[in-house]
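Everything on this sheet refers to the single structure shown next.
The values are calculated or read from the model by the stated rules, or taken from the named source; none is laboratory data. Fair warning: this is a prediction, and the values are worked out from it, not measured in the lab. FYI the Cβ positions are ideal-geometry reconstructions off the backbone, even for glycines, and counts take in every protein chain you see.
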Amino acid sequence: MGEAIAFYTLAALILAFGVLVITARSTVHSILFLVANFIFVAALYVLLGAQFLAVIQVVVYAGGIVVLYLFVVMLVNLKRPPEAHHDRRRRTGLGLAFGLVVLAEFVAIAVYKLVQPGSMPPGPPMSPDNVQLVGRVLYTEYLVPFEVASMLLLVAMIGAIVLARREL
């Protein structure tokens, strides 16, 4: 009974902070609400018995990703109204085409996974405490989503550098 109350309380807090992230007027406050949201998700992982995932949640997301967001917020001039600056070099059609190509790749990966269900032999049962098994599954079965996430982070860092350099 106590675990159910803790679960529903954490779920309500996660949803509440998620709403606060997208409704906050200040970008910095939005990022702070996002940190709180990540910490409550980590608490939910602890409640579910996945301590390793909770630590990774705090270190990677609440530590690294949020610092990246804060750098972007600090480097970009937020005082300028939206669309006040019109760049003739902007290639909206090219960006849309690249976005559609990435969407098509995601759809192709999903279709491939549905047609080819698990080509790997079943391994030993997963344990939240066994970091070696988590790493093996991450770099074999979930390699494509892992690489997509790393590419998105790389593009975000390059974009922040380009935006900061343009202002200097």
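Scan ALA160, ALA164 and give me the residue that is in contact with a helix residue (DSSP H, G or I) (Cβ under 6 Å, 6 or more places away or on another chain), in a helix (DSSP H, G or I), over 25 Å from GLN51 (Cβ atoms) and at pLDDT below 70. Even if it seems obvious, please write down each step before you answer.
Working: ALA160 fails: at pLDDT below 70.
The match here is ALA164.
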Residues satisfying the stated conditions in segment 15-60, i.e. surrounded by fewer than 16 Cβ atoms within 10 Å (Cβ to Cβ), at pLDDT below 85 and closer than 17 Å to GLU3 by Cα: GLY49, GLN51
Given (1) surrounded by 10 or more Cβ atoms within 10 Å (Cβ to Cβ); (2) within 30 Å of ALA36 (Cβ to Cβ); (3) modelled with pLDDT under 80, number of the condition ARG80 does not satisfy: (1)
Close pairs (9 angstrom Cβ cut-off, 6 or more residues apart or separate chains): of a type outside the set (Phe, Trp, Tyr) in segment 78-101, at pLDDT below 80 and surrounded by fewer than 10 Cβ atoms within 10 Å (Cβ to Cβ) anywhere: none
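Consider segment 14-36. How many of its residues are touching a residue at least 24 places away in the same chain (Cβ under 8 Å) and not hydroxyl-bearing (Ser, Thr, Tyr)?
To start, the set of residues in segment 14-36 that are touching a residue at least 24 places away in the same chain (Cβ under 8 Å) comprises 14, 27-28, 31, 34-35.
Subsequent filtering for residues that are not hydroxyl-bearing (Ser, Thr, Tyr) retains 14, 28, 31, 34-35.
Total meeting the criteria: 5.
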